Amino acid sequence: MAEKHKNFIGGEWVEPATGEYFENRNPARQSDLIGLWPRSGREDVEHAVAAAKKGFETWRLTPAPERGAILKQVGDLLVERKDEIARAATREMGKTVAETRGDVQEGIDTAYYAATEGRRLFGHTVPSELRSKWAMSFRRPIGICGLITPFNFPLAIPTWKMFPALVCGNSVIIKPGEDVPHTVELLVEVLEEAGIPKGVVNLVQGFGEEVGDVIVRHPDVPVISFTGSTETGKIVGRVCGEMHKRLSLEMGGKNAQIVMADADMDLALDGVLWGAFGTTGQRCTATSRLLLQDEIHDQFVESLTARARQLKLGYGADEGVDVGPLVSAASREKVERYMEIGRQEAELVLGGERATGEGLDDGFFFQPTIFTGVKPGSRLATEEIFGPVLSVIRFSDADEAFRINNEVKYGLSSSVYTRDVNVSFRAFQELDNGITYVNAPTIGAEAHLPFGGVKQTGNGHREGGWEVYEFYSETKVGYLDYSGKLQRAQIDNYEASPY
Ligand code: NAD
């Protein structure tokens, strides 16, 4: 009998009020049942909100450096448990252990950054325009933050949201992607062991419409941070708009690697192999378009196809595996639907089918796939597929490449391989993305820099780095007048203009 896991509410591990559970199976080996997780509902969310309210009352008054010290402890525990958590993440999500170790490392980096931010959380002190008056801004916690996360970075993305929210003095309710309930459970265990007070962190497992939507619509949850598809983000955005909630959206991408004819071709090849097929193409920053300058197009496609053919598919915990499975049957079906579209729009030069054979038949494997002759504006060139599928587009010069890059509704990351410093700086300036890499693939963000995209990838906020702390706290201004008399701003001090 598979183990029944629990929610974490008010500092206790509790069964769901619904009494219902869902199965979590290994996407590389469907016969491997990992366990049963709560299929929670409205009542569970209500319990979590009540607990988070209580948690907030004391946590908001805990000095930020003290809150940061708990995050330091969280980082240390994640270091100790890095391999165990990475293996659990690979088992439920599918990417290789090298990648899930990277995922945990990102959580560790985020914890240590958050720990020190507890000693900053800067405001400003500025001169008042009046005599004997003090003026300053400072940051206040907001309340309960509802955090909704996707499957593809099962450890890192929850930490990007939780840790800054906690250091700023908020309490949180997290609902992870339903394909990856175990990894966040382990993260919450770490937070509990590090001494996070009761009610400050609450975990409610379950499905988007049954738990996520209830959190988003709850009137006592003023802050929502969502990472997931643009389609779901649109629904979340509509609700939050109507309810005047503070909302951070991080959504889809259609990221391009541009290779100029003067580039180091081996470097560009390594970059696109990692960018397109790492995490089986299931990264928001995955390289799903490859833009090649005319002069090098044919040779590059030939070398890339030969290299991609060599990639070894398999269970991500096995030695020597480069590419794991897709996360679910639904994800593989979506990729398959794009194969029909792709065959009509472009030329298939590699893959295009489910991957079968020893060790592959019981999982959601799909062959690394390359289409050439893809037309800018076509569905292959503009829609997020979220699988190991690369669309190759040709261009004649940098102007054309930049235009093609910008012709999609998404704007997360982009990459340019070139030795020309002018093209490099033009790329920073002209590509409509939140992140541009030069001579590096479209993936590889570091935890201490702001992360996010423009256009329909985001709504103007950033995760990571210093900016995310502004999202999770409210700016407040304090004026203190010690003149002992009524001073009227903009009136008393301008009787004789100082200018
Ligand atoms: P998804 O939109 O299907 O689900 C994301 C989360 O939203 C899950 O926890 C899900 O249960 C929940 N959800 C679903 N319906 C909901 C509703 N009506 N109300 C509230 N919550 C709801 O996305 P996914 O398949 O888990 O993840 C893949 C997507 O995430 C891709 O589009 C990818 O580009 C994007 N992503 C973006 C970033 C980024 O930082 N920009 C990072 C990672 C992933």
Query - Integer Hz, Karplus 6.51/-1.76/1.60 couplings in order for the range 255-270, x for Gly and Pro - result: 7, 10, 9, 9, 10, 7, 5, 8, 6, 6, 5, 5, 4, 5, 5, 4
Query - Of LYS334/LYS409; LYS175/LYS409; LYS72/LYS234; LYS54/LYS133, pairs whose Cα-Cα distance is over 30 Å - result: LYS72/LYS234; LYS54/LYS133
Requested in this report: Work out from phi, with θ = phi - 60° and the Karplus expression 6.51 cos²θ - 1.76 cosθ + 1.60, the ³J(HN,Hα) of each residue of the range 212-228, listed in order in whole Hz, and give x for Gly and Pro.
Outcome: x, 5, 5, 5, 4, 8, 6, x, 9, 10, x, 10, 10, 10, 10, 10, x
Query raised in the report: Which angle from 0 to 90°, rounded to the nearest 10, does the C-alpha axis of helix 181-193 make with the longest principal axis of the chain?
Result: 40 degrees
Report summary line: Relative contact order as a percentage, the range 255-438, C-alpha pairs under 8 Å and 6+ apart, gives 28 percent
Query raised in the report: What is the set of long-range amide H partners of ILE258 at a cut-off below 5 Å, with H atoms built 1.01 Å from backbone N?
Result: LEU291, SER415, VAL416, TYR417
**Report entry** Most to least packed among 120-131, 426-437 [average Cβ atoms within 10 Å]
**Finding:** 426-437, 120-131
Report task. Go through the range 161-175 residue by residue and turn each phi into a ³J(HN,Hα) via Karplus (6.51, -1.76, 1.60, θ = phi - 60°); whole Hz please, and just put x for glycine and proline. Result -> 8, 5, 5, x, 4, 6, 4, 6, x, 8, 9, 9, 10, 10, 10
Query - Enclosed volume per residue, in Å³, of the convex hull spanned by Cα atoms of the range 76-231 - result: 146 Å³
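For the chain, report the accessible area per residue in Å² (1.4 Å probe, heavy atoms, rounded to an integer).
Here the per-residue accessible area is 42 Å².
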Query raised in the report: Could you state the number of Å between the C-alpha centres of the range 48-120 and the range 197-226?
Result: 18 Å
**Report entry** Check: the chain dipole with +1 on Lys, Arg Cβ and -1 on Asp, Glu Cβ, in debye
**Finding:** 1600 debye
Report task. Would you mind telling me the antiparallel percentage of the DSSP bridges in the range 255-438, rounded to 5? Result -> 15 percent
Report summary line: Percent of all alpha-carbon pairs of the range 255-438 at distances over 25 Å, whole number, is 30 percent
**Report entry** Dipole moment magnitude, nearest 20 debye, the range 255-438 about Cα centre, only Lys, Arg, Asp, Glu C-beta charged
**Finding:** 440 debye
Report summary line: With a 1.4 angstrom probe the carbon and sulfur portion of accessible area for the chain, in percent, totals 49 percent
**Report entry** Distance cut-off 29 Å, percentage of C-alpha pairs in the chain lying past it
**Finding:** 53 percent
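The values are calculated or read from the model by the stated rules, or taken from the named source; none is laboratory data. Since the structure is predicted, the reported quantities are computational estimates derived from the model, not experimental observations. Neighbour counts are summed over all protein chains in view; Cβ atoms, including those assigned to glycine, are modelled from backbone coordinates with ideal geometry. Ligands, DNA and RNA are stripped out before the accessible areas are found, and what is left, the full protein with its side chains, is counted by its heavy atoms. Shrake-Rupley method; radii C 1.70, N 1.55, O 1.52, S 1.80 Å.
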